[in-house]
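To keep things clear, I will list the structure first and then write my remarks on it.
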Amino acid sequence: MWVKRVPFGRGRHDYLTDALTLLPGWTREGERIRRTLSIDDSQHAALTERVKVVADALHLRPEINRRADQTEIRVGHDTVALTEGEVLLAARIEDAYRAVTEP
């Protein structure tokens, strides 16, 4: 699968930055984006399974780490520009987060 790499933060019409404004809680970390979620262990397990399905379909590998009562997710690479697919993955992670935390 060929993935288009789009420079993050360059150019007049930076749609990736625009897209991130629609993803509350995500922060830029160099060429990556990061989100920390306060969820319990069962929610973490459910979220991880949902993210795995989406990530596999997009051929992407986010980093998901559990620390105390928080789940930290990183999308992207340290030295390569963020892609459209990675921003899409972040949006799908938000959907999964809502699904596992809403009653």
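The values are calculated or read from the model by the stated rules, or taken from the named source; none is laboratory data. Remember, it's a predicted structure, so these values are computed and weren't measured experimentally. Quick reminder, even Gly has a Cβ in these numbers, built from the backbone with ideal geometry, and neighbours come from all protein chains shown. We work out accessible area using only protein heavy atoms, side chains counted, and drop any ligands, DNA or RNA first. Shrake-Rupley method; radii C 1.70, N 1.55, O 1.52, S 1.80 Å.
Can you work out which of the residues in segment 25-66 that are open to solvent by 70 Å² or more (accessible area, probe 1.4 Å) and of a type in the set (A, V, I, L, M) is nearest to T83 (Cα to Cα)?
Across segment 25-66, the extreme among qualifying residues is A57.
Would you check if D69 is exposed (fewer than 13 other Cβ atoms within 10 Å of the Cβ), modelled with pLDDT under 95 and more than 14 Å from W26 (Cα to Cα)?
yes
Restricting the search to segment 75-94, which residues are modelled with pLDDT of 95 or more and open to solvent by 50 Å² or more (accessible area, probe 1.4 Å)?
R92, the sole residue that qualifies.
Considering only residues of segment 12-24 that are open to solvent by 40 Å² or more (accessible area, probe 1.4 Å) and of a type outside the set (F, W, Y), which is modelled with the highest pLDDT?
P24
Taking T48 as the residue in question, decide whether it is in contact with a strand residue (DSSP E or B) (Cβ under 7 Å, 6 or more places away or on another chain), over 17 Å from G25 (Cα atoms) and touching a residue at least 60 places away in the same chain (Cβ under 8 Å).
It is false that T48 is in contact with a strand residue (DSSP E or B) (Cβ under 7 Å, 6 or more places away or on another chain), over 17 Å from G25 (Cα atoms) and touching a residue at least 60 places away in the same chain (Cβ under 8 Å).
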